[in-house]
Amino acid sequence: MRGIQVRQFGGPDVLEAVELPDPVPGPAQAVIEVAYADVIFLETQVRRDGAFFAPELPYVPGGAVGGRIGSLGEGVDAAWRGRQIVAKTTPAAQGGYAQRALAEIGTVSVVPPGLGVREATALVHDGPTAMRLFDNAVGEGALRPGAWVLVLAAAGGLGALLVQLAKAAGAHVVAAARGERKLALAREELGADAAVDYTRPGWTDQVRRTVGEPGVHVVFDGVGGTTGHAAFELTARGARFSAHGAPSGGFAQLDAEAAAQRQVTVAGIEQVQLTAAEAKPLLGRALFEAAAGRLRPVIGRTFALEEAAKAHAAIEAREVLGKTLLSVDS
């Protein structure tokens, strides 16, 4: 079968199109005939230098796919065969940048009627994360009707979902992103009340003028670094700050004492390090909301499987709005 393999860490050009052996399902596993594979920023970081974790070389990237169930392992009900599904790939096996991928049947989610496999695949990673972040903010009372919510990286796959969820909950949203194309998406398609470019001087002053006193009640920080630190200064007393993003090179480093003095609840990446059992019902909710038309994943670019290097380069250049996918059966 066709697939993409990394033999050495480096730039996008290390993503090579190769012939790979077909995966063989073990007990409670299934082989997925892949239609689409999700591409996320973390995969570009791992490919570059083994950041966060270093897979054994060579490896096939890709942690999430959508398609149809093909062959089944021992103990799997035959009724699964042929069903249209999305799934995380099995960690110990090769990834999803291939014509076929392996998944534990217990982690597979059926694509609901009214939703395409392409759109469902775009929700596999970001859907559960968005739902967990949203639930945490609502549960603590910070995200409520009339509250001001600041979403950093608002035009990314995760940020776009958070803007929509916050607006649906009756909050006011300031979307922060890079460049006019992304700001226009946030304002015109996602429904943000205001949009600011966090790469421009004075962006925090612009947010202050927009939200007024006492400040922002919830920050979803999908950027990290100095941008996340600057956003912390915009929080109101008793706010919630979610420091879950690090595409800038690191998570926002916040002063615990300052947060305590202002009674700001700070949560990090640990809140979205979900087990498979935790992620599956959250993904189910996201798929249901998308099928009902209440949540829309933004898919900026879809590349052919053999163009995986171009997909990684586009993500690293911050060129893509929303999600990036590989079309495997094109």
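The values are calculated or read from the model by the stated rules, or taken from the named source; none is laboratory data. Bear in mind the structure is a predicted one, so any value in this text is a computation, not a measurement. Here Cβ is always computed from backbone atoms with ideal geometry, including for glycine, and neighbour counts include all displayed protein chains.
Would you pick out the residues in region 234-253 that are outside any strand (DSSP E or B) and either aliphatic (A, V, I, L, M) or not assigned by TED's automatic domain parsing to the domain that holds residue 161 (or both)?
Listed by number, the residues that qualify are 234, 246, 252.
Go through region 71-89 residue by residue and tally those that are surrounded by fewer than 19 Cβ atoms within 10 Å (Cβ to Cβ) and in contact (Cβ under 8 Å) with a residue 24 or more places away in the chain.
Counting residues in region 71-89 that are surrounded by fewer than 19 Cβ atoms within 10 Å (Cβ to Cβ) and in contact (Cβ under 8 Å) with a residue 24 or more places away in the chain gives 8.
What are the residues in region 127-148 that are crowded, with 24+ Cβ neighbours inside 10 Å and either in a loop (DSSP other than H, G, I, E, B) or touching a Pro at 6+ places or on another chain (Cβ under 7 Å) (or both), if any?
142, 143, listed by residue number.
If you check 30, 35, 17, which single one turns out to be assigned by TED's automatic domain parsing to the domain that holds residue 87, in a strand (DSSP E or B), in contact (Cβ under 8 Å) with a residue 60 or more places away in the chain and surrounded by fewer than 19 Cβ atoms within 10 Å (Cβ to Cβ)?
Within the list 30, 35, 17, the selection yields 17.
Restricting attention to region 54-93, which residues are touching a helix residue (DSSP H, G or I) at 6+ places or on another chain (Cβ under 7 Å) and hydrophobic (A, V, I, L, M, F, W, C)?
64, 65, 69, 72, 76, 80, 86, 87
Of the residues 113, 128, 58, which single one is over 21 Å from the mean Cα position of the chain (by Cα) and under 30 Å from residue 9 (Cα atoms)?
Every option except 58 fails the conditions.
Failed condition for residue 106, given (1) within 27 Å of residue 312 (Cα to Cα); (2) modelled with pLDDT under 95, with all others met?
(1)
Can you name the condition, by its number, that residue 91 falls short on among (1) under 30 Å from residue 236 (Cβ atoms); (2) modelled with pLDDT under 95?
(1)
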